[in-house]
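The values are calculated or read from the model by the stated rules, or taken from the named source; none is laboratory data. Everything numeric in this text was worked out from a predicted model, so none of it was measured. Glycine also receives a Cβ, built like all others from the backbone with ideal geometry; neighbour counts cover every protein chain displayed.
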Amino acid sequence: MVIDTRSGRILHSAETDDDLKSRHPYKEWMEKNVRRLVPFEDLPDEEVGSRELDDDTLASYQKQFNYSAEELDSVIRVLGENGQEAVGSMGDDTPFAVLSSQPRIIYDYFRQQFAQVTNPPIDPLREAHVMSLATSIGREMNVFCEAEGQAHRLSFKSPILLYSDFKQLTTMKEEHYRADTLDITFDVTKTTLEATVKELCDKAEKMVRSGTVAAGALRPEYR
């Protein structure tokens, strides 16, 4: 229930909803301005992507990102064959990545090692009425200004991007969805990681201020 002190009216839920919906043509704005990435399964074969690395280059990248033979066989192979993450029945007694004395791949820092119950469930497949991974990006505007420009959003099903998603993001030519590229590599003999991260942040901020909506990382090259 809402009390409008200016008009002296008491508005119930349905009346409040109708009043808000009728203020602007929100549906038309969304249909006209929101862009959606084409799902992987709907892309033609020539746009899905193909392997770009030969065996030697692939092995070098695997070493750079610390993929062990065990990781490739027990985790990556299972993902590729079954589309599911490998599950063990005896638990995982390896140290947390942040506490490990051994170099670990970046994904280990985000891997959940225990079962956790959440309410509501974090399950966009079985609990779609309360949970979604859908993500929208675009230029942020004043939330108190209801204008058509607020609808310039780029929407995709999940924040985890496939190669085809990334390709679409970085090749959009429209003004409201402009993309740019950052080189995330650096020469260890000339600078430090801390200085490089600061420089990347400064470059990213300049890109955003100049109109860039999506910034992609250049594929690392060896130094």
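Things worth noting here:
- Residue among Leu58, Leu53 that is modelled with pLDDT of 75 or more and in a helix (DSSP H, G or I): Leu58
- Some residue of region 17-25 being under 22 Å from Met172 (Cα atoms), surrounded by 13 or more Cβ atoms within 10 Å (Cβ to Cβ), in the same structural domain as Thr171 (by the TED database) and touching a helix residue (DSSP H, G or I) at 6+ places or on another chain (Cβ under 9 Å): no
- Condition check for Val48: closer than 30 Å to Met172 by Cβ, of a type in the set (A, V, I, L, M, F, W, C) and modelled with pLDDT of 85 or more: no
- Sole exception among (1) under 28 Å from the mean Cα position of the chain (by Cα); (2) in a helix (DSSP H, G or I); (3) within 30 Å of Leu72 (Cβ to Cβ) for Lys32, by number: (3)
- For region 132-177, filtering for residues that are among the aliphatic types (A, V, I, L, M) and in a loop (DSSP other than H, G, I, E, B) leaves 9.
- Any chance Glu140 is of a type in the set (D, E, K, R), within 22 Å of Glu28 (Cα to Cα) and at pLDDT 80 or above: no
- Pair list, Cβ < 7 Å and 6+ apart or interchain, from region 86-111 residues that are at pLDDT below 70 to residues that are in a loop (DSSP other than H, G, I, E, B) and surrounded by 10 or more Cβ atoms within 10 Å (Cβ to Cβ): Asp92/Gln113
- If the condition is being among the charged types (D, E, K, R) and either without any contact (Cβ under 8 Å) to a residue 40 or more places away in the chain or closer than 11 Å to Phe156 by Cα (or both), then region 122-139 contributes Asp123, Arg126, Glu127.
- Counted residues, region 26-52 - those being of a type in the set (A, V, I, L, M) and exposed (fewer than 12 other Cβ atoms within 10 Å of the Cβ): 0
- Annotation: Ala115 fulfils all but one of (1) surrounded by 10 or more Cβ atoms within 10 Å (Cβ to Cβ); (2) modelled with pLDDT under 80; the unmet one is (1).
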